[in-house]
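The next block holds one structure in the form of structure tokens; read it before the comments.
The values are calculated or read from the model by the stated rules, or taken from the named source; none is laboratory data. Note that the structure is a prediction, hence the values are computed from the model and not measured. No Cβ is skipped: glycine too gets one built from the backbone with ideal geometry, and neighbour counts run over all protein chains shown. What goes into the accessible areas is simple: the full protein's heavy atoms, side chains included, and nothing from ligands, DNA or RNA. Shrake-Rupley method; radii C 1.70, N 1.55, O 1.52, S 1.80 Å.
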Amino acid sequence: MATLSFVPEWFFVYGLVFGLAFAIITLAVSLYSFKIYRLSNQKQSKLFGTAFLLFSISYFIQFFLNLAIFSELNERILNLIEFQNLITLNTLSIFAHMILFTFGLVTLIYMILNVKNKWIYSGMMLISVLFLLISANKINFFFILSSLLLIIILIYYFQHSIKHKSSRSVLMIVAFFLLMIGHIHFIFLINHEIEYVLGSFLELAAYILILVNFLRVLKK
Amino acid sequence: MNKKRDRLQVIHDILQVIKEKNGRIKPTHILYKSNLSYQMMDEYLKELIEKEFIAEEKAENSKTYSITQKGQEYLNQYKLIVNFTSSFGLD
């Protein structure tokens with residue numbers, strides 16, 4: 001997740017590329033999940049596809065807004081007004097990412113709960129966004145909330161693997177574990193640029209594992 | 001058929017039974033072939049009709065079920081569905 005305020009200058013382009021890669025991987029998984037839903041009418045596939053689509057949109061928005069910031073920074077020497085615009089653009093990209101990513105995680109939690117109640121789903125969305133908006137340190141709160149949600153998702157995948165005696169979902173366990181560690185990492189080290197880079201690499205490793213899992217399905 | 005079957009497999013087994021009977025079957029045959037209780041079978045049949053995987057046709061004193069194009073597609077893509085759902089923990 002590349003953002004103007006925490007990213008070391010040398011890493012900004014890499015951050016952009018990482019973000020684009022995350023967006024494409026999550027979009028591919030999402031579209032395939034919708035294909036599985038069309039074939040099977042299985043509710044879980046629809047929710048999984050929705051969650052990954054939300055992740056994908058969150059990364060795409062951030063990518064395009066950061067790309068705009070990057071091209072503005074490269075094109076000319078900025079005056080104060082232009083700099084203020086860039087700050088607004090950066091804030092917008094952070095907020096869009098945080099809200100959509102949280103919605104994606106909440107959708108996965110709703111899928112795990114396996115209940116058919118749209119009020120519960122809407123309530124979970126509303127509560128998470130409300131807390132995000134009213135929190136004093138929104139970015140820190142986002143990483144705390146996402147870490148907690150990722151822990152629940154991780155527990156689900158552990159239980160699923162044991163219940164089904166299946167090694168197929170092991171890659172997902174490791175992927176969500178890396179995402180969780182990455183987000184916990186961001187909570188404590190958000191002000192240190194180099195640790196931000198490490199967190200981004202943890203995210204990259206997680207999405208590579210999700211991609212490997214996806215390619216394994218396509219190969220069979 | 002295995003004793004422990006998940007929903008996707010039970011749906012596959014019911015559709016396969018209908019397909020093997022030239023695409024049209026009576027509920028008693030499904031009950032016999034699918035290894036389910038009457039109540040379970042009834043629930044699955046309702047779900048399959050709702051999902052448009054099978055169609056119900058009522059005659060004077062009997063009902064028959066036939067497989068639809070969508071049900072046929074499910075059978076053809078079953079392995080793909082199972083691979084995806086088990087790999088991503090959706091089963």
Residues of the range A:171-220 satisfying the condition of being over 18 Å from the mean Cα position of the chain (by Cα) and within 14 Å of chain B (Cβ to nearest Cβ): A:Leu215, A:Arg216, A:Val217, A:Leu218, A:Lys219, A:Lys220
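Does the range A:17-30 contain at least one residue that is in a helix (DSSP H, G or I), more than 9 Å from chain B (Cβ to nearest Cβ) and in contact with an Asp or Glu (Cβ under 9 Å, 6 or more places away or on another chain)?
So far as the range A:17-30 goes, yes, one or more of its residues are in a helix (DSSP H, G or I), more than 9 Å from chain B (Cβ to nearest Cβ) and in contact with an Asp or Glu (Cβ under 9 Å, 6 or more places away or on another chain).
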Residue match in the range A:78-95 (condition: open to solvent by 40 Å² or more (accessible area, probe 1.4 Å), at pLDDT below 85 and not in a helix (DSSP H, G or I)): yes
Within the range B:65-86, tally of residues that are over 18 Å from A:Arg38 (Cα atoms) and buried (at least 19 other Cβ atoms within 10 Å of the Cβ): 1
Selected residue (only one of B:Lys79, B:Lys33 is out of contact with any Ser or Thr (no Cβ under 6 Å at 6 or more places or on another chain) and within 30 Å of A:Leu113 (Cα to Cα)): B:Lys79
Selection status of A:Ser146, touching a residue at least 12 places away in the same chain (Cβ under 8 Å), within 14 Å of chain B (Cβ to nearest Cβ) and among the polar types (S, T, N, Q): no
Tally of residues being surrounded by 21 or more Cβ atoms within 10 Å (Cβ to Cβ) and within 13 Å of A:Ile57 (Cβ to Cβ) across the range A:5-26: 4
Counted residues, the range A:114-148 - those being within 16 Å of A:Leu47 (Cα to Cα) and surrounded by 15 or more Cβ atoms within 10 Å (Cβ to Cβ): 3
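What number of residues within the range A:151-180 satisfy the criterion of being among the charged types (D, E, K, R) and either within 16 Å of A:Val212 (Cβ to Cβ) or in a helix (DSSP H, G or I) (or both)?
Of all residues in the range A:151-180, those among the charged types (D, E, K, R) come to A:163, A:165, A:168.
Still in the running and either within 16 Å of A:Val212 (Cβ to Cβ) or in a helix (DSSP H, G or I) (or both): A:163, A:168.
Count: 2.
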Failed condition for A:Ser161, given (1) within 14 Å of chain B (Cβ to nearest Cβ); (2) closer than 19 Å to A:Phe103 by Cα; (3) at pLDDT below 90: (2)
Cross-chain or 6+ apart pairs with Cβ under 8 Å, the range B:37-63 first and away from chain A (no Cβ under 14 Å) and touching a residue at least 12 places away in the same chain (Cβ under 8 Å), then assigned to a loop (DSSP other than H, G, I, E, B) and surrounded by 13 or more Cβ atoms within 10 Å (Cβ to Cβ): B:Ala55/B:Thr68; B:Ser62/B:Lys26; B:Lys63/B:Lys26
Test for A:Val115: is it modelled with pLDDT under 95, over 18 Å from A:Phe55 (Cα atoms), more than 14 Å from the chain's Cα centre (by Cα) and not in a helix (DSSP H, G or I): yes
When residues of the range B:5-54 are limited to those that are closer than 16 Å to B:Val82 by Cβ and not hydrophobic (A, V, I, L, M, F, W, C), the one least open to solvent (accessible area, probe 1.4 Å): B:Asp13
